[in-house]
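The values are calculated or read from the model by the stated rules, or taken from the named source; none is laboratory data. Quick caveat: nothing in here was measured; it's all calculated off a predicted structure. Neighbour counts run over all protein chains shown; Cβ positions are idealised from the backbone, glycine included.
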Amino acid sequence: MSRSYAFCLFPHVSQSQKRVTVTPRSLTRICLISVFALIASSSHAQIDRWFSVQPIRIYDDAGLNPAPMPLFQAETEKIFAQAGVAPIWLPTVQVNDSSMLVVSSVSDVNVPGNGQHVDPLTVNMWFVEDLDIGPDWILFGSAYINGNGVVINGTDVSTWGGGRRDTIAHELGHNMDLEHETLGAGGGENLMTAGTSRDVPGDISHITPDGDNLSQLTAAQITQLRSSPFLGTVAEVLVDTNGSTPYSTDDFFLVDFASGPLGMSLSSLTMDLSPVNAFLDPTAADPGAVGTPFALNAASMSGVTAGDLTISGDTDGSQLLTIDFAAGSFTEGDSFRFGIDADLYTNIDGYGATPEELMGTLFTFEFDSGLLSEAEIEDDLIASSIKPIKNLSFSDYNIIRQIETPFQWELHPDPVRAVPEPASVLLFGIGALLAWNPRRRQNKFIENRGS
């Protein structure tokens, strides 16, 4: 896998001069929103891919005065959701090294022993105090194209124009082989357009599909992104409801491992009734005088046995029911049904809650890798692991993946030229960009300044 290099230059403009602008849009323009886009309904976005990010925060030698760390986590998650992809943020690593608080590119920090994750496909993201490339220019971020490594100018990304909310996603896009002028980039609304031409969302409400529809990805960019070796797959496990109530049944809930990578298994499934003000009522003890216990439907067991399941929480008044699976026992194609009485606190002993009354019940899916997905019963009366209600996470990230071809750490930077008089800074920058051919792949290095 060849490695190119990308980072973005922007002519210096004071915050008092800078304002986020919205380019006028033709009424005939069609805003591209992928099938994975967030939509304004009770259905959550489909998320079936993930990648992990290792934040690395630089401190001074004494472990004090840390660089700002503007993750813009919610904004980044919303941007990638349009591609059906979720970034997973690992615990921040601290590196005490005053010499790295101010650097000029990702190559200055991407040296052995600087906090990198042991997994070569976890993206390493350093936060420094400043990226210094000379006077009159701001460098918000620097990232390899089609390789592992990002460095963020924490100070300017935090404060410039109220916050550069799309820079994290933009630089991550470079790692996944997205560039400034390919696959449909170039317009103000596109995430990967160079910083000099890109409309930056003033807040999360203007990130696609909302508000001004900014930070968009084209269909071609989404295809490229989803093919990146940095991405892992989220298995699809469904919990469906059947019948009128769970009272006196052994088949009200269907658990179906619909799809997933070979060898991936579900470790546990937890049902949380607290969001719908309901509780389990397996016996005649309070709070309900009439109840029915947890029961498996033997005829429905496919690929899994009753001995593979361990049940906990099935007690009167409990709002949590957990099913733990024997290691590797519940995999793609497996399914089973179960029942247990569940009453609403507003209708105790009313023959159980209906499927519609259980809408909003939470299910936490934990896979053998430690990947966690939390979903709810939606208006189709199904909870799905690939329609999470919040960002994916890991209970314990201990994954070490392999890459087919080692990254080539080959960097050929373009010199940074002196900037003329302030009044002609923007004109100079545009001319320099036009004069430079970003497709010269033999250089393996691209300076795309202004992310």
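Of note, Val255 satisfies the criterion of being in contact with a Lys or Arg (Cβ under 9 Å, 6 or more places away or on another chain) and at negative phi. Applying the set (1) crowded, with 17+ Cβ neighbours inside 10 Å; (2) of a type in the set (Val, Ile, Thr); (3) under 18 Å from Gly147 (Cβ atoms) to Thr208 leaves exactly one unmet item: (3).
Taking the stretch 45-131 and the strands (runs of 3 or more DSSP E) fully enclosed by it, the elements with 1 or more residues that are free of Cβ contacts under 8 Å to residues at least 40 places away in the same chain and touching a Lys or Arg at 6+ places or on another chain (Cβ under 7 Å) are at 93-96. Can you confirm whether Ser329 is in contact with a helix residue (DSSP H, G or I) (Cβ under 7 Å, 6 or more places away or on another chain) and within 23 Å of Ser385 (Cβ to Cβ)? The answer is yes for Ser329. Considering (1) farther than 30 Å from Arg49 by Cα; (2) of a type outside the set (A, V, I, L, M, F, W, C); (3) in the same structural domain as Asp119 (by TED's automatic domain parsing), the lone condition that Asn297 does not fulfil carries the number (3). Exactly one residue out of Pro287, Pro282, Pro201 is under 30 Å from Gly333 (Cα atoms) and not aliphatic (A, V, I, L, M): that is Pro282. For the stretch 73-81, check the following and say yes or no: at least one residue is out of contact with any helix residue (DSSP H, G or I) (no Cβ under 7 Å at 6 or more places or on another chain), modelled with pLDDT of 95 or more and crowded, with 21+ Cβ neighbours inside 10 Å. Yes, the stretch 73-81 contains a residue that is out of contact with any helix residue (DSSP H, G or I) (no Cβ under 7 Å at 6 or more places or on another chain), modelled with pLDDT of 95 or more and crowded, with 21+ Cβ neighbours inside 10 Å. The stretch 347-396 holds strands (runs of 3 or more DSSP E) entirely within its bounds, and those carrying 3 or more residues that are over 21 Å from Ala327 (Cα atoms) and within 23 Å of the chain's Cα centre (by Cα) map to 382-384.
Screening Asn190 against (1) modelled with pLDDT of 95 or more; (2) within 19 Å of Arg49 (Cα to Cα); (3) buried (at least 22 other Cβ atoms within 10 Å of the Cβ) leaves a single unmet condition, (2). Can we say Ser267 is closer than 30 Å to Trp50 by Cβ, crowded, with 19+ Cβ neighbours inside 10 Å and assigned by TED's automatic domain parsing to the domain that holds Leu320? Judged against the criteria, Ser267 is a match. For the stretch 329-346, a tally of residues being of a type in the set (Asp, Glu) and assigned to a strand (DSSP E or B) returns 1.
Counting residues in the stretch 239-249 that are closer than 30 Å to Leu381 by Cα, crowded, with 16+ Cβ neighbours inside 10 Å and among the hydrophobic types (A, V, I, L, M, F, W, C) gives one or more. Considering (1) assigned to a strand (DSSP E or B); (2) under 24 Å from the mean Cα position of the chain (by Cα); (3) crowded, with 21+ Cβ neighbours inside 10 Å, the lone condition that Gly147 does not fulfil carries the number (1).
Consider Asp341 carefully, then state whether it is of a type outside the set (A, V, I, L, M) and modelled with pLDDT of 95 or more.
So Asp341 fits the description; yes.
Any residue that is crowded, with 21+ Cβ neighbours inside 10 Å, in contact with a Gly (Cβ under 6 Å, 6 or more places away or on another chain) and within 20 Å of Arg165 (Cα to Cα) - is there at least one of those in the stretch 51-65? Checked against the condition, which is being crowded, with 21+ Cβ neighbours inside 10 Å, in contact with a Gly (Cβ under 6 Å, 6 or more places away or on another chain) and within 20 Å of Arg165 (Cα to Cα), the stretch 51-65 yields at least one hit.
Restricting attention to the stretch 399-410, the residues that are surrounded by fewer than 10 Cβ atoms within 10 Å (Cβ to Cβ) and modelled with pLDDT of 80 or more total 1. Scanning the stretch 319-338 for residues that are under 26 Å from Val290 (Cα atoms) and either surrounded by fewer than 17 Cβ atoms within 10 Å (Cβ to Cβ) or in contact with a Gly (Cβ under 6 Å, 6 or more places away or on another chain) (or both) turns up Leu320, Leu321, Thr322. Being touching a residue at least 12 places away in the same chain (Cβ under 8 Å), in the same structural domain as Leu358 (by TED's automatic domain parsing), outside any helix (DSSP H, G or I) and surrounded by 21 or more Cβ atoms within 10 Å (Cβ to Cβ) is a property that Val200 lacks.
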